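Novice: Mind looking over this structure? Questions follow.
The values are calculated or read from the model by the stated rules, or taken from the named source; none is laboratory data. Everything quoted here is computed from the prediction, not taken from an experiment. Positions of Cβ are generated from backbone atoms using ideal geometry, with glycine treated the same way; all protein chains shown enter the neighbour counts. All accessible areas refer to the heavy atoms of the entire protein, side chains included, with ligands and DNA or RNA removed. Shrake-Rupley method; radii C 1.70, N 1.55, O 1.52, S 1.80 Å.
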Amino acid sequence: TRSSRTRKLTDTAGLKPTGLVPIAEDDDGDEDYMYNCRTNGRGGSRGCLADRWNARLEELANYKTEHGHCNVPQDHGSLGRWVDKQRIKRSTLSEGRVQALDGIGFTWDPHDEAWNARFEELANYKTEHGDCDVPWNHGTPLYKWVKKQQKRKNKLSKGRVEALNELGFTWKL
């Protein structure tokens, strides 16, 4: 029997929750899971951790719908702090949670995403102009990014250097 401190868990990402015990199988073959909630000492539930995680995931999905990305600033309240924690805890997150975050287009490293966006911008520039020599007056952010790559060639990853070389990047300053 179910106690008042036990609730059925619904996984909003459509994935089986991890660390929970299946208690029954429905007619459609799906398993039901139970999760024991902690109480706050007054008989009320503080909420299931898995339910709260799924609620944050849904909040992040709504943020992405509104803003077009999952890079919530850390100072954007509790959602920003939650996003930062997911990045930090990636290696300890369950496979289901990683898949759920990947499924909504979560960015694990916002610096990589920014680099890739500038690289794509440079590729578009090359398509339009035939080279990667961005003049200073074309667009300050792209010009600055190109100069930064030229200065940091020895510090860039091998993959980034190869990608720039394949694009026909000019390393001269």
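Novice: Set the Förster radius R0 to 41 Å, insert the Cβ-Cβ distance between Asp133 and Asn62 as r into 1/(1 + (r/R0)^6), and round the FRET efficiency to 0.05. Can you show the working numbers first?
Specialist: Numbers: r = 42 Å, r/R0 = 1.03.
Taking R0 as 41 Å, the efficiency between Asp133 and Asn62 is 0.45.
Novice: Structure shown: which of Lys89/Lys148; Lys85/Lys148; Lys148/Lys172; Lys89/Lys155; Lys85/Lys158; Lys126/Lys155 lie over 20 Å apart, alpha-carbon to alpha-carbon? Don't skip to the end; give the middle numbers.
Specialist: On the way: Lys89/Lys148 30 Å; Lys85/Lys148 30 Å; Lys148/Lys172 12 Å; Lys89/Lys155 26 Å; Lys85/Lys158 29 Å; Lys126/Lys155 24 Å.
As for pairs spanning more than 20 Å Cα to Cα, those are Lys89/Lys148; Lys85/Lys148; Lys89/Lys155; Lys85/Lys158; Lys126/Lys155.
Novice: Let me ask something additional. Distances over 19 Å make up what percent of all Cα-Cα pairs in segment 111-167? Let's see the in-between values first.
Specialist: Working: 321 of 1596 pairs.
Percent of Cα pairs beyond 19 Å in segment 111-167: 20.
Novice: Moving on. Any idea how far apart Glu121 and Arg52 come out in nm if each label point goes 7 Å out from Cα toward Cβ?
Specialist: 3.9
Novice: Show me, for segment 122-127, the HN-Hα J-couplings you get by feeding each phi into the Karplus relation (A = 6.51, B = -1.76, C = 1.60, θ = phi - 60°), rounded to Hz, glycine and proline as x.
Specialist: Going residue by residue, I get 5, 4, 5, 4, 5, 4 Hz, with x marking Gly and Pro.
Novice: Also, quick follow-up: Per-residue counts of other Cβ atoms within 10 Å, averaged by peptide: what ranking do you get for 73-79, 110-116, 145-151, highest first? Could the numbers behind the result be given before it?
Specialist: Details: 73-79: 11.3, 110-116: 13.3, 145-151: 16.0.
Listed from highest to lowest mean packing, they are 145-151, 110-116, 73-79.
Novice: With a 1.4 Å probe and all protein chains left in place, how much of the accessible area of segment 47-124 comes from carbon and sulfur atoms, in whole percent? Before the final figure, lay out each step's value.
Specialist: Numbers: 2120 of 4450 Å².
Ligands and nucleic acids excluded, carbon and sulfur give 48 percent.
Novice: Would you tally the net charge around Trp171, using a Cβ to Cβ cut-off of less than 12 Å, leaving Trp171 out, and scoring K and R as +1, D and E as -1? Don't jump to the answer; show the numbers that get you there.
Specialist: Numbers: positive: Lys147, Lys151, Arg152, Lys153, Lys172; negative: Asp133.
Spelling it out: positives minus negatives among the neighbours equals +4.
Novice: Something else about it: What trypsin sites (Lys or Arg not before Pro) does segment 86-146 have in DSSP loop regions with at most 16 other beta carbons within 10 Å? It would help to have the intermediate numbers written out before the result.
Specialist: Working: sites: Arg87, Lys89, Arg90, Arg97, Arg118, Lys126, Lys144; in loops: Lys89.
Of the trypsin sites (Lys or Arg not before Pro), the ones in loops of segment 86-146 whose Cβ has at most 16 other Cβ atoms within 10 Å are Lys89.
Novice: Quick check: convex hull over the Cα atoms of segment 49-104, volume per residue in Å³, rounded to an integer? Walk me through the intermediate numbers first.
Specialist: Working: hull volume 4.2 nm³, N = 56.
Enclosed volume per residue, from the Cα hull, is 75 Å³.
Novice: Here's a follow-up. What full-extension length gain, to one decimal in nm, is calculated for Asn154 and Ser91 as 0.36 nm per residue of separation minus the Cα-Cα distance?
Specialist: On the way: separation 63, 0.36 × 63 = 22.68 nm, distance 2.87 nm.
Once the chain is fully extended between Asn154 and Ser91, it gains 19.8 nm.
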